[in-house]
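Participant: Got a structure for you, written out below as structure tokens; questions coming shortly.
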Amino acid sequence: MNRENLKARLDAEFPGLVAMPPEFRGETTLVVHAAARLPEILRYLERECAFDYLVDISSVDHGDEEPRFELVYELYSYGASQHLRVKSRLPEEAAEAPTACDIWPAANWHEREIFDMMGIRFTGHPDLRRILMWDGYPHHPLRKDFPLEGLPSESPDGHFTLPAPMDGGPFVTRPAELAQDREPRSKTPL
């Protein structure tokens, strides 16, 4: 199925609810304007358009933009050998979306990771709890307002109970003093 056929079918089934930005580097993207309707559209894509494999679900924090959060579903059709990216934005005050676990069981752990790292809740999820951070951890580390040096932890058994120092810390590297000695040079001066 080509992108024009897909767009026509989605427009007929969900009028005014989806947009398809121009193709970029052969990648087809579908934008859903109402996150509450995501399950209907995802189910339609799975059943009627043969996107039978959920490759990944990720999330993006757009910082000061509104709506702040975005969910990104990467789908694949084995029959058509075709990829499809589905995006939908969520406002910060209602960072919540319906689960896709009943469509693709593999969505379970993806949604748990997004909940844990970004704080987006998935209504109807069968087991929405933290998957990487410990229970009771009050922060969401992949949000843009989370500091690079980390935040203090109240957990006495945790390895990282104090913020990491930024000078020489885990995310900072220093170039060598004489970086030009590492660069390739011609044998004869110009």
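The values are calculated or read from the model by the stated rules, or taken from the named source; none is laboratory data. Keep in mind the model is a prediction, meaning the values are calculated, not measured. Because the Cβ atoms are built from the backbone with ideal geometry, glycine has one as well, and the counts that use them run over all protein chains shown.
Participant: So in the range 16-34, with the set limited to residues that are part of a loop (DSSP other than H, G, I, E, B) and not aliphatic (A, V, I, L, M), which one is nearest to residue 78 (Cα to Cα)?
Facilitator: 28
Participant: Does the range 63-71 include one or more residues that are hydrophobic (A, V, I, L, M, F, W, C), outside any strand (DSSP E or B) and surrounded by 15 or more Cβ atoms within 10 Å (Cβ to Cβ)?
Facilitator: Here is the first cut: in the range 63-71, the residues hydrophobic (A, V, I, L, M, F, W, C) are 69, 71.
Cutting the leftovers down to outside any strand (DSSP E or B) gives us none.
Within the range 63-71, not a single residue is hydrophobic (A, V, I, L, M, F, W, C), outside any strand (DSSP E or B) and surrounded by 15 or more Cβ atoms within 10 Å (Cβ to Cβ).
This table checks each residue for (1) part of a helix (DSSP H, G or I); (2) touching a Gly at 6+ places or on another chain (Cβ under 9 Å); (3) crowded, with 16+ Cβ neighbours inside 10 Å.
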residue: 12; (1), (2), (3): yes, no, no
residue: 36; (1), (2), (3): yes, no, no
residue: 45; (1), (2), (3): yes, no, yes
residue: 49; (1), (2), (3): no, no, yes
residue: 79; (1), (2), (3): no, no, no
residue: 86; (1), (2), (3): no, no, yes
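Participant: While we're here: Can you name every residue in the range 43-87 that is touching an Asp or Glu at 6+ places or on another chain (Cβ under 7 Å) and among the basic types (Lys, Arg)?
Facilitator: 68, 85, 87
Participant: In the range 19-33, is there at least one residue being over 14 Å from residue 83 (Cα atoms), among the aliphatic types (A, V, I, L, M) and touching a residue at least 60 places away in the same chain (Cβ under 8 Å)?
Facilitator: Checking the range 19-33: not a single residue is over 14 Å from residue 83 (Cα atoms), among the aliphatic types (A, V, I, L, M) and touching a residue at least 60 places away in the same chain (Cβ under 8 Å).
Participant: Turning to a different aspect of this structure: Among (1) surrounded by 17 or more Cβ atoms within 10 Å (Cβ to Cβ); (2) over 25 Å from residue 140 (Cβ atoms), which single condition is residue 32 missing?
Facilitator: Every listed condition holds for residue 32 apart from (2).
Participant: Here's a check for you: in the range 96-146, which residue that is part of a loop (DSSP other than H, G, I, E, B), small (Gly, Ala, Ser) and touching a strand residue (DSSP E or B) at 6+ places or on another chain (Cβ under 8 Å) is farthest from residue 47 (Cα to Cα)?
Facilitator: Selected residue: 124.
Participant: Being of a type outside the set (Lys, Arg) and at pLDDT 90 or above is the filter here; which residues of the range 122-144 pass it?
Facilitator: 122, 123, 124, 125, 126, 127, 128, 131, 132, 140, 141, 142
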